[in-house]
Amino acid sequence: MSALIVFCTCPDEACAERIATALVEERLAACVNRIPGAASTYRWQGRLCRDSEQLLLIKTTRERFEALRERIAALHPYELPEVIAVDIVHGSAAYLDWIAAETRG
């Protein structure tokens with residue numbers, strides 16, 4: 001089992017809550033942390049943008065990543081939502097086992 005943390009930004013609290021709830025209910029994620037107040041600066045379609053967003057930190061497994069990515073794309077209002085996964089290299093064995101157990105389909 002390989003655990004991942006997936007980063008995803010959302011435009012507001014309602015969107016973040018909707019996505020977080022769906023991912024956990026559907027066992028695509030063991031846990032989703034919602035962090036309000038992320039200040040994002042980026043270029044989109046040739047224009048400099050600055051937005052306040054909510055950042056989701058999503059704990060899942062490599063095996064569930066593609067289904068999670070597809071579900072975020074279906075639920076997210078952005079044309080190109082951020083979905084970036086990083087490996088959890090080290091962690092509590094019990095916590096990593098919990099992620100695996102909670103994401104079994």
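The table below gives the values:
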item: GLU82 of a type outside the set (Val, Ile, Thr), surrounded by 15 or more Cβ atoms within 10 Å (Cβ to Cβ) and not in a strand (DSSP E or B); result: yes
item: In region 94-104, the residues that are at pLDDT 95 or above and more than 17 Å from ASN33 (Cβ to Cβ); result: ALA94, ASP97, ALA100, ALA101
item: Condition check for ALA29: part of a loop (DSSP other than H, G, I, E, B), at pLDDT 95 or above and either in contact with a strand residue (DSSP E or B) (Cβ under 8 Å, 6 or more places away or on another chain) or of a type in the set (D, E, K, R) (or both); result: yes
item: Cross-chain or 6+ apart pairs with Cβ under 6 Å, region 70-96 first and of a type in the set (Gly, Ala, Ser), then buried (at least 16 other Cβ atoms within 10 Å of the Cβ) and not in a loop (DSSP other than H, G, I, E, B); result: ALA85/LEU4; ALA85/VAL6; ALA85/PHE65
item: Near pairs, Cβ below 8 angstrom, 6+ apart or cross-chain, from region 10-26 (closer than 20 Å to ALA39 by Cα and touching a residue at least 60 places away in the same chain (Cβ under 8 Å)) to any residue that is β-branched (Val, Ile, Thr) and surrounded by 15 or more Cβ atoms within 10 Å (Cβ to Cβ); result: CYS10/ILE19
item: Matching residues in region 85-105 - criterion: being closer than 16 Å to VAL24 by Cβ and part of a helix (DSSP H, G or I); result: TYR95, TRP98, ILE99, ALA100, ALA101, GLU102
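Here's the yes/no breakdown for (1) of a type outside the set (Ser, Thr, Tyr); (2) surrounded by 12 or more Cβ atoms within 10 Å (Cβ to Cβ); (3) part of a helix (DSSP H, G or I):
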| site | (1), (2), (3) |
| --- | --- |
| ALA14 | yes, no, yes |
| ALA22 | yes, yes, yes |
| ARG34 | yes, yes, no |
| SER40 | no, yes, no |
| ARG50 | yes, no, no |
| GLN54 | yes, yes, no |
| LEU57 | yes, yes, no |
| ARG64 | yes, yes, yes |
| TYR78 | no, yes, no |
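The values are calculated or read from the model by the stated rules, or taken from the named source; none is laboratory data. Predicted model, so just to flag it, every value in this text is computed and none were measured. Don't worry about glycine lacking a Cβ; one is built from the backbone with ideal geometry, like all the others, and counts go over all protein chains shown.
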